[in-house]
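Take a look at the structure below.
Coordinate-derived values only; no laboratory data. Small disclaimer: the values here were computed from a predicted structure and weren't measured. Here the Cβ positions follow ideal geometry from the backbone for every residue, glycine too, while neighbour counts run over all protein chains shown.
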Amino acid sequence: MKQSSYVTPTSSRAGVLSVLGAAVLFGTSGTASQLLIPDASSASIAAWRLILGAMGLVVLTRGFAFLHLYRMPLIWFMGLGVAAFQFFFFLSVSLAGVAVGTLITVSAAPWCTGLLGWAWNRVRPSRAWWFATFLGVIGLVLLVGRPTEGDIEFGGIAAGLTAAASYAVFTNIGTRLTTEGASSTSVLAASFAFSAVILLPFALTSGSWILTDDGIVAAFWLGLIGTTVAYWLFGRGMRVLNAGTIGTLNLAEPLVATILALSILGEAISAIGVVGCCLILLALILLSRSVTHQAPQTKRSDVVTR
């Protein structure tokens, strides 16, 4: 029997705000990379981001108490999921293009996360989650737009779906372990440290951009802010929200990325793209209200008593 885990509307609201805050920081990654290190490869950026982010999470644990978590097989699978997500997402982008790779990965991730939570953690998604996820994904499709002829690459689509599945794996494992009483920061530190070791070869062959002034600034932002702080907030959400909800709330990431691209990079957006942004925002509002207006002392939906 798992230990009891109860949340209140206040803790749910804090969890929602934490996940949305993480998504905002995730959404800054593309703009920061484009501004500071436009010539760096996506794989090397992902590797350094993960390595520095893992180091930051280890520091936040204030010691090496998280090492005992390596006795749990799920931590190793979670670390593999983190590494696979990074690897297959950037593989999808390189094969199918940024638009298609992002669309496939980000739109499939909420569905994979919610359905895996239903199958593994016995969390039946609510009607509000189904509606908000459907609405948000439609908004994402409108925002990204129809790819130009010749952009579709089935290998890239397969890689994007694998990335989405990998995201679902590590998010569901994270919520399961925090439900069982593990510290969310320790869980993330242990899994990210393992995944950083897996991606280390990409960092060692990344070239010299990491040694430039702009590279150092980019590494600091992407690693310590866009990963350490972002996943610390993500972990706060894991304590009180089910994995499916977290996956859908992360649709805020492309919304933030679009706003930054418009305001800082000077990119344009179509009227259909604006409608897509509005639909994503509406989906986030509806799901947030559904989660935070639950009855006081509601048992967390991803806690299962056997």
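Per-structure values
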read-out	value
Where labels lie 7 Å past Cα in the beta-carbon direction, separation of residue 39 and residue 158 in nm	3.4 nm
In order through the range 86-102: 3J(HN,Hα) via Karplus (6.51 cos²θ - 1.76 cosθ + 1.60), integer Hz, x for Gly, Pro	4, 5, 6, 5, 6, 5, 4, 5, 6, 8, 10, x, 4, 4, 5, x, 5
Cα gyration tensor shape of the chain, rounded if a/c is under 1.5, else prolate or oblate by comparing a/b with b/c	oblate
Under Karplus coefficients 6.51, -1.76 and 1.60, residue-wise ³J(HN,Hα) of the range 175-182 in Hz, glycine/proline x	5, 5, 5, 5, 4, 7, x, 6
Hz values of 3J(HN,Hα) by residue in the range 272-282 - Karplus curve (6.51, -1.76, 1.60), Gly and Pro given as x	5, x, 5, 4, x, 4, 5, 5, 4, 4, 5
Net lengthening on full extension, residue 77/residue 17 (0.36 nm per residue, minus Cα-Cα)	18.9 nm
Dipole magnitude of the chain about its Cα centre (Cβ charges: Lys, Arg +1; Asp, Glu -1), debye to nearest 20	1540 debye
The range 40-155 - convex hull of alpha carbons, volume per residue in Å³	151 Å³
Spatial separation of Cα centroids for the range 215-242 and the range 19-68, in angstrom	6 Å
Value of [θ]222 nm, deg cm²/dmol, for the chain, DSSP H segments ≥ 4, -39500 (n - 2.57) each, nearest 500	-23500 deg cm²/dmol
